[in-house]
Each structure stands twice: as C-alpha cells, then as structure tokens.
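Read the figures in this text as sums done on the coordinates, not as results from a lab. Model, not experiment: these values are computed from the prediction. For neighbour counting, all protein chains shown are included, and Cβ atoms are generated from backbone atoms with ideal geometry for every residue, glycine included.
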Amino acid sequence: MTKDTGLACALDAIDRANCQDPNMEPVDGQTLPREYAYSLHMTRWLFALEAQPSERMQIACRAQHIERWTRPRADFPEGRKGYYQWRQDCGRFHGERAADIMAQCGYAEAECQRVATILTKRELRNDPDTQLLEDVACMVFLERYFADFYEDNPDFDKEKWLRIVRRTWEKMTPRAREAALQLAGAMPAHLQAVLKEALEGG
C-alpha cells in the first residue's frame with residue numbers, strides 16, 4: 001500500500017466513523033453530523049496554518065474528536081476535576097481509535113503510536129506536532145464554537161470569560177495568535193470586547 005493510499009484509507013475510515021454521529025451541525029447551508037463537521041473544520045485550519053502538513057498531522061486533526069459522542073461529558077463527575085478526567089479519557093480513546101484505523105490501513109506500529117501520543121496531548125509545548133494540533137483546535141474553537149459557547153453559558157461572569165480566553169491564548173503559538181487576531185475582526189462586537197480586554201490584561 002502506498003503512502004497516498006494509506007492516507008486516503010485512514011481519512012475515509014475516520015470520516016465514516018464520524019458520520020455516525022447522531023448530533024447535527026449546520027455548515028454552509030448543509031446539515032452535517034457534528035463530529036464529521038468538526039473534523040472538516042480541523043482539516044481546513046490545519047492547511048491554513050501549515051501549507052504541507054505531514055500525513056500523521058492530517059490523520060491526527062481528522063481524528064481529534066473521532067466518535068466523541070460515545071464519551072459524553074455527563075458520564076464524568078461535575079466540576080473541573082471531572083472535566084479534566086473526561087478530556088483525558090477522550091484523548092486516550094481518540095488516540096486508540098486513530099492508531100487502530102492506521103494499522104488497518106497499513107501504517108507501521110511506530111507511526112500509529114506517534115499519532116496516538118499526539119492526540120493525548122501529553123507532550124504539548126514540547127512536541128511540535130502536538131502543538132500544531134492544539135493551534136488548529138484553538139482556531140476551530142474561536143471560529144466555529146466560541147460564540148455558541150458564550151451564549152450557552154450566561155451564568156459565567158466576566159472574569160471567567162477572561163480566564164477562558166487567556167488560557168486559550170496561552171496554549172497557542174505566535175503563528176496561531178496572528179491568525180486568531182485576523183479572525184477576531186469578524187466576531188460579534190461583544191466577543192471582540194472580551195478578547196480585547198483579555199489580551200490587554202483587563
């Protein structure tokens with residue numbers, strides 16, 4: 001199996017898995033399974049930030065939320081500790097699923113495990129591939145989900161929103177921050193105000 005064929009095999013398998021999501025999201029006049037839509041957003045931003053991304057990064061970004069609906073947040077305790085338990089469980093699950101798919105598509109074990117490690121984000125800050133995945137995920141959040149997240153949490157006070165924005169910003173590289181600032185101009189005025197205050201230090 002050639003590399004190109006292996007990549008197509010892996011991406012197709014991830015797409016087929018994510019298309020089983022019973023939750024839906026509107027995208028450009030269409031209604032798509034939510035995690036399939038998310039994977040397309042991830043791929044688009046990957047190529048926006050990295051002109052020639054590696055195969056492993058194309059697979060990792062496409063599998064970032066693979067079958068996440070099978071790991072509902074409600075299955076874990078409330079509060080910050082429960083949230084991080086959920087995130088860690090999701091990362092392990094996504095990594096295992098991606099590695100299994102890659103193995104079925106002919107990738108070497110070392111490459112499968114490399115992608116699994118990237119998806120757990122254990123090496124964030126220390127590994128360029130993991131950092132790139134985080135940059136892409138932050139851009140997708142800011143572009144596609146920040147506004148809805150804001151509307152869905154009216155009980156959050158201003159200080160909590162400032163902390164959320166600052167934590168997101170801290171996880172991003174200068175390249176992603178530059179892209180985010182360009183994106184900010186298209187955001188609703190109230191979100192631009194939150195971003196401005198957070199980044200100016202309040």
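In table form, for the structure just shown:
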read-out: Quotient of C-alpha Rg and 2.2 N^0.38 Å, computed over the chain; value: 1.04
read-out: Gain on full stretching of the segment that runs from R80 to T5 - 0.36 nm per residue minus C-alpha separation; value: 22.8 nm
read-out: Size of charge dipole - the chain - debye, nearest 20, with Cβ of Lys, Arg +1 and Asp, Glu -1, no other charges; value: 480 debye
read-out: Full-stretch length increase - R44, E178 - with 0.36 nm per residue and alpha-carbon distance subtracted; value: 46.6 nm
read-out: Efficiency of FRET from Cβ geometry, F156 and E197, R₀ 22 Å, rounded to 0.05; value: 0.95
read-out: Protection proxy ranking, peptides 77-84, 21-28, average beta carbon neighbours within 10 Å, highest first; value: 21-28, 77-84
read-out: Where labels lie 7 Å past Cα in the beta-carbon direction, separation of S54 and V27 in nm; value: 2.5 nm
read-out: Pair D127, R92: separation of 7 Å Cα→Cβ label points (nm); value: 1.6 nm
read-out: Cα gyration tensor shape for the range 1-120, rounded if a/c is under 1.5, else prolate or oblate; value: oblate
read-out: Free-standing Cys residues across the chain, given no other cysteine C-beta under 4.7 angstrom; value: C19, C61, C90, C112, C138
read-out: Gain in span if fully extended, Q20 to A189, counting 0.36 nm per residue against the direct Cα distance; value: 57.3 nm
read-out: Given charges at Cβ of Lys, Arg, Asp, Glu: the range 1-142 dipole, positive-most of P33, Q85, Q131; value: Q85
read-out: Where a label projected 7 Å from the Cα of A108 along Cα→Cβ would reach, residues of the range 1-31 with amide N under 16 Å; value: 1-4, 6-7
